[in-house]
Amino acid sequence: MSVKLSTIKAIYLDVLTKLYTRSEAENYFYIVLQWLEKKSKTDVIVGNETLLQSTYLDLLSQLEKSVPIQYLTNEAPFYGLDLYVDERTLIPRPETEQLVHLILEENQGFSGKILDIGTGSGCIALTLKKNLPNATVSGCDISLDALEVAKKNAHLLNIDVDFFELGVLNDTITPSNIVVSNPPYIALEEKVNMESNVIDYEPDVALFVDAEDPLLFYKTIVKKALKNKGTVCYFETSEFYRTELDEWLASSNYQYVWKSDFQLKDRILKVWH
């Protein structure tokens, strides 16, 4: 039995506006509409119908449980790429796109070596290779599950990036001209204040770090990477760590500069000798 898409939309709004703003709820509906049937807002306006009511409602029940929509559709756009994502990796964020944009802006025509540490879905490494075709780009992660996703994306997008297993806290970093990382930086004690769609579904290993030293990954990567003369590090981090990072970087005689994200927060950090 068919039902009007406008009816499905009304059901989505009734349920999801209890959790999200109306615009967010509408956006979720239209993402599902496009993903399921390749239809748009116009199809709703002109009164088109669907035979997939039960499928729409099944997806709605998952959204009501705060399952990220990217994990339902297995799709996440990132800097012009359509990435495959699932629960094995973080969902790429707009702030990370800004990190990538800065690297591309400052390294046009670059043809050296780039290493992405904690690559996850491969979003950073794949985008850099796509836009810097003469560069040699690799990505590493401690999670074999995440590496499977990254390699799948490389295959689907036909982009040549070498993905491999590496635990940066214990392993040696391959000498590279550019090292980029969006490492874990959220203290475990902050977990209670986070949204359920993040803490219940996205991988802890990519998010959280021991509160005793939340800068552990940054310090380790900087010290290991900058042993190699001429290397530059780019990071995504938390604005809450600026003071601590400033003090450590200055006391260790590193040069560095902060860049603001689109919310004017100090989230992007560049470090060199």
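Observations
- Derived scalar couplings ³J(HN,Hα) [region 11-20; Karplus, 6.51 cos²θ - 1.76 cosθ + 1.60; whole Hz; x for Gly, Pro]: 5, 4, 5, 4, 7, 7, 5, 7, 10, 10
- Mean projected area of the convex hull spanned by the Cα atoms of region 3-65, taken over all viewing directions: 3.6 nm².
- Put in order of Cβ neighbour count within 10 Å, fewest first, the listed residues PHE78, PHE240 become PHE240, PHE78.
- For the chain, the Kirkwood estimate of hydrodynamic radius, built from reciprocal distances between every pair of different alpha carbons, is 20.2 Å.
- Bridge type composition, the chain - antiparallel percent by DSSP, nearest 5: 45 percent
- One quarter of the convex hull surface built on the alpha carbon atoms of region 93-160 amounts to 4.3 nm², the projected area averaged over directions.
- Coil-residue trypsin sites (Lys or Arg not before Pro) of region 209-273, DSSP, other Cβ within 10 Å capped at 10: LYS229
- Phi to ³J(HN,Hα) by Karplus 6.51 cos²θ - 1.76 cosθ + 1.60 over region 259-265, Hz, x for Gly, Pro: 10, 7, 7, 5, 9, 6, 9
- On Cα atoms only, tilt of 22-37 relative to the major axis of the chain in degrees: 80 degrees
- Pairs exceeding 23 Å between alpha-carbon atoms, taken from LYS38/LYS65; LYS4/LYS38; LYS65/LYS265: LYS38/LYS65; LYS65/LYS265.
- Here's the list of lysines a cross-link from LYS152 could span, going by alpha-carbon distance under 19 Å and ignoring same-chain residues fewer than 8 apart: LYS129, LYS130.
Rule-based calculations on the coordinates, nothing more; no lab input. Note that the structure is a prediction, hence the values are computed from the model and not measured. Virtual Cβ from ideal backbone geometry, glycine too; neighbours counted across all protein chains shown.
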